[in-house]
Amino acid sequence: MIKSGISILAFIIASIPAYCQITGGIKGKLFDKATKQTIAGASIVLKEIKKGTMADTTGAFTLENIPEGNYSMVISLIGYQEKTINDVRVIRDKINYIEVEIETAIGSLQEVTVKARKSENNRLMPVSAYSFSREEIARNPGAQGDIFRAIGMLPGVSSSGGQYSAIAVRGQGTRDNVYMVDDIPITEVGHLEGGSGGFNDPNGGRFSIFAPRVIDNAQFQGGGFAAQYGRRSASYLGLGIKEGNKLSHIIDGQIDLLGFTLNYDGPSYIQKNTSLFVSARYQDFSALVSVINLKDIGIPKYADFIFKSTTQLNSKNKLSVIAIYSPESYKRNIENVRADEKLNNLDISNSSTNKTIFGLNLRTLTSKTNYWKNILYFTNKISENTGGTAHPQTDAFGRLINPDNIPFETDVTNIKYSEAKIGYRSIYTMNFKNNSQLVAGIDLDRVSLSNNRKLNRLDTAYVFDSKDIRPDPSQYYSIKDPVYFNAGFNNAAYNISAYIDYSFLLFKSLTINVGTRYDYTGFCQQHTFSPRLSGSYLLGEGSTINFATGIYYQDPVYSDIADQPITQKLKTEKTTQVILGFKKYFAPDLKLTIEGWYKSFDKMIVRPISSSSEQNNNGTGWAGGIDINLTKRLTKNIHGQIGYSFMQSKRNDNDGLGEYNFLFSQPHQVNFLISYQAGKRWNFASKFRYATGKPTSSYIIHNNIFNNPTYIRSSEEIIGKNDTRLRDFISWDIRADYRFQLKKLGLAIFVDIVNILSRGNQNEQRFNSITGKIYYDGLAIFPSFGLKIEF
């Protein structure tokens, strides 16, 4: 199959006609990021061809007769930070319309200082802040266009490699991050998040719900974020879905080993002043598992449908409508079990999940300096899972007696879960003449949860903890009892938040951001207050000292709330953060960041008995480390970064067993990325990642636990708690793109390979009760190749 695909792509390349210069155009409008008002008089220059223009009195600009290709657009104006927009695409006979926000300079109006302090330097996000453009996400090798896989190589961010896209930040877990999509708070961002036994997988989802090139911009802050973001405590990630082109339509798509993606970007042609961006993606792993010979894993399938319309109602009001629908399914049957020659995984599963997001976002300019955002949204998740198991008959050496007839059950567990949230956010921003800003807002939402989980019979757990309940100490296994597994929850609660952030400048060099947040959490019946402080001090040209501290409260995960017995009420977790850093711009596109950080944890949610869903807030802990990162933003032909992180994260469940390493405590991490644009057609990228192996628990093996020579089974008894480690994580990812034109059809062939070394990185250790041996879960090489089309 691969050879046939390569032959077809080679034929297409050979058929390319001689290149001739065809032109298109760029139009746009400039806005002040703080006030949302248009800006006149700015200079707009395309670096590659040194062609430029000026914004008129309405902030509009036009560049005509531009040869098709990719450009870097530089926007500059005295009193504002210079901004570079990378990968501005010019397509023949098309007008690319873009709207750009630029920020005022901080501390000094001298041009040299403005240029050294690039637009990523947001005074409201002085620490741990990184941004990604649409093209930087797309070019990230191994990411396959997934924003979360791109973020996975930032300092202080842990990921589980090619098998997972979810991120864990600075000593916390994958469920601890604030996610905003066009100002809509969401918690479910991944596909294929299922965990064993009906509990959440701590490694998170495998793929995000955002197809390649859907996200136009991403703002990430690894800690110390402002009071307007809450209910999670580790990091903030703000995602902006692309707005449609108001002047020309572009249809592009991608066909790859997993399926296809199709996008429409252009005017609505129905209503004036309305643009559309529509994306549809479908992915089926049937072909991939055959190529990499992993038929034993089962067949995942998922799809994502994204709609965004943007309407300029009048000069003061702009309305966006966002809709996302993301269905998925996963099936693993007895044929997949049979394909696993070592019989490591005996699970049989049939699951489906549907995620829905809908939002209305209205921005109103209330004066020349102030604006008001109102967001109404609805999110929903519905999942259903039926789990079973195979019962292979083996001899004393663990060999199948009758491989063609393996007994199995398909209805051992049944889980039906749903969560629905309807919410409203109102945020008002005021800007003052003394370069200060006030942001105040309220959030209201109602959450409905339903959880019906059923274990249909007693089951045997061959992996057990020394704390698990066993009537007989010589019984080297534990029993899964429906009493401790079954759950029936159906309830709703209201959440209320109010927050205020004030930013001001002292002595022309010191920026202070102070804020506080109030939250009421309905399911916890708890009121909390979260004061926060951050700022930066300008040392000289492009050099700043940055700091942040604050208290962050985190709601329990909704599925955990729905798992608890009616008498058990979980409380919010508390995190206190301190961050101190140094930032240096050597050039507008070259930044060095050094940050030390420390966190203390209190009221952390823990599970006292591993085989039970019941949890409490007895956990405490701490985390600390240092992150060093050098980033070269995408300008001209090259971009990349190199980073090192030292991190430790410790937890204590206060169960008498003492302190232990948290799951994502990986002391040493090294990341390196380089991307190079070779001419107008080729782009090459490479990414290397190293991390200390994840913590795992020590164990002892018990053989023939039933003392039955005709039914030999072994068990694993966990005797430690994350007191040893898996082997170190090492991954080398590569990507190559070749772009060419066939008349009005733009084409690009790409190859994106995760873990080209095919090293079996270990995400967790698992136990085979038949052979009595440990095996490790983790994906090796993960290839993807295909064709992108644009017209």
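The values are calculated or read from the model by the stated rules, or taken from the named source; none is laboratory data. Since we're looking at a predicted model, the values are computed, not measured. Ideal geometry is used to build each Cβ from the backbone, glycine not excepted, and the neighbour counts take in all protein chains shown.
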Which one of N263, N293, N245 is out of contact with any His (no Cβ under 7 Å at 6 or more places or on another chain), in a strand (DSSP E or B) and of a type outside the set (D, E)? N263
Restrict the check to segment 259-278 and report whether at least one residue is within 18 Å of R206 (Cα to Cα), touching a residue at least 12 places away in the same chain (Cβ under 8 Å) and among the acidic types (D, E). no
If A390 passes every condition in (1) in contact with a Ser or Thr (Cβ under 8 Å, 6 or more places away or on another chain); (2) surrounded by 17 or more Cβ atoms within 10 Å (Cβ to Cβ) but one, which one does it miss? (1)
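When segment 332-380 is examined, which residues are found to be assigned to a strand (DSSP E or B) and in contact with a helix residue (DSSP H, G or I) (Cβ under 9 Å, 6 or more places away or on another chain)?
Hits for segment 332-380 are R332, D347, I348.
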If you go through segment 291-304 one residue at a time, how many are of a type outside the set (A, V, I, L, M), touching a residue at least 24 places away in the same chain (Cβ under 8 Å) and surrounded by fewer than 17 Cβ atoms within 10 Å (Cβ to Cβ)? 1
Scan segment 425-443 and give yes if some residue there is more than 27 Å from the chain's Cα centre (by Cα), of a type in the set (S, T, N, Q) and over 30 Å from G535 (Cα atoms), otherwise no. no
Determine if segment 229-249 includes at least one residue that is free of Cβ contacts under 8 Å to residues at least 40 places away in the same chain and under 22 Å from the mean Cα position of the chain (by Cα). no
For S320, are the conditions met, namely being within 26 Å of K29 (Cβ to Cβ), surrounded by fewer than 17 Cβ atoms within 10 Å (Cβ to Cβ) and out of contact with any His (no Cβ under 6 Å at 6 or more places or on another chain)? no
Can you pull out the residues in segment 547-580 that are surrounded by fewer than 20 Cβ atoms within 10 Å (Cβ to Cβ), touching a Lys or Arg at 6+ places or on another chain (Cβ under 9 Å) and assigned to a strand (DSSP E or B)? T549, I551, K574, T576, V578
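Going by the structure shown, is K583 part of a strand (DSSP E or B) and either in contact with a strand residue (DSSP E or B) (Cβ under 7 Å, 6 or more places away or on another chain) or touching a residue at least 60 places away in the same chain (Cβ under 8 Å) (or both)?
Numbers: part of a strand (DSSP E or B): yes; either in contact with a strand residue (DSSP E or B) (Cβ under 7 Å, 6 or more places away or on another chain) or touching a residue at least 60 places away in the same chain (Cβ under 8 Å) (or both): yes.
Yes; evaluated as a whole, the condition is true for this residue.
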Condition check: surrounded by fewer than 16 Cβ atoms within 10 Å (Cβ to Cβ), among the acidic types (D, E) and farther than 30 Å from W372 by Cβ. Does E328 satisfy that? no
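Return the total of residues in segment 74-95 being in a strand (DSSP E or B), of a type outside the set (V, I, T) and modelled with pLDDT of 90 or more.
Keep residues of segment 74-95 that are in a strand (DSSP E or B), which gives 74-76, 80, 83-90, 95.
Now restrict to residues that are of a type outside the set (V, I, T): 76, 80, 83, 86-87, 89.
With modelled with pLDDT of 90 or more added as a condition, the list becomes 76.
Result for segment 74-95: 1.
Of all strands (runs of 3 or more DSSP E) completely enclosed by segment 406-501, which ones contain at least 3 residues that are β-branched (V, I, T)?
Numbers: elements: 408-431, 437-455, 459-461, 463-465, 478-480.
In segment 406-501, 408-431, 437-455 are the strands (runs of 3 or more DSSP E) which contain 3 or more residues that are β-branched (V, I, T).
Just to check your reading of the model, which residue among R681, R727 is at pLDDT below 95, farther than 28 Å from I292 by Cβ and surrounded by fewer than 20 Cβ atoms within 10 Å (Cβ to Cβ)? Quick ask: steps written out before the conclusion?
Numbers: R727 fails: farther than 28 Å from I292 by Cβ.
Going through R681, R727 in turn, the sole match is R681.
Which residues, counting only those in segment 672-711, are among the hydrophobic types (A, V, I, L, M, F, W, C) and touching a strand residue (DSSP E or B) at 6+ places or on another chain (Cβ under 9 Å)? Give the derivation first.
The first filter runs over segment 672-711 and keeps only residues among the hydrophobic types (A, V, I, L, M, F, W, C), leaving 672-674, 678, 682, 684-685, 688, 691, 700-701, 705-706.
Passing the criteria: F672, L673, I674, A678, W682, F684, A685, F688, A691, I700, I701, I705.
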Scanning segment 606-626 residue by residue, those touching a residue at least 40 places away in the same chain (Cβ under 8 Å), assigned to a strand (DSSP E or B) and farther than 21 Å from Q666 by Cα turn out to be N616, N617
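Given the criterion in contact with a strand residue (DSSP E or B) (Cβ under 6 Å, 6 or more places away or on another chain), touching a residue at least 12 places away in the same chain (Cβ under 8 Å) and either within 24 Å of E188 (Cβ to Cβ) or not basic (K, R) (or both), identify the matching residue among I545, I561.
Working: I561 fails: in contact with a strand residue (DSSP E or B) (Cβ under 6 Å, 6 or more places away or on another chain).
Residue meeting the stated conditions: I545.
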If I filter segment 615-673 down to residues being crowded, with 16+ Cβ neighbours inside 10 Å, out of contact with any His (no Cβ under 9 Å at 6 or more places or on another chain) and among the charged types (D, E, K, R), which single residue comes out as nearest to S466 (Cα to Cα)? D653
Out of all the residues in segment 528-546, is one or more buried (at least 19 other Cβ atoms within 10 Å of the Cβ) and within 30 Å of D459 (Cβ to Cβ)? no
Of all residues making up segment 28-75, the number that are closer than 20 Å to S315 by Cβ, more than 33 Å from the chain's Cα centre (by Cα) and without any contact (Cβ under 8 Å) to a residue 24 or more places away in the chain: 3
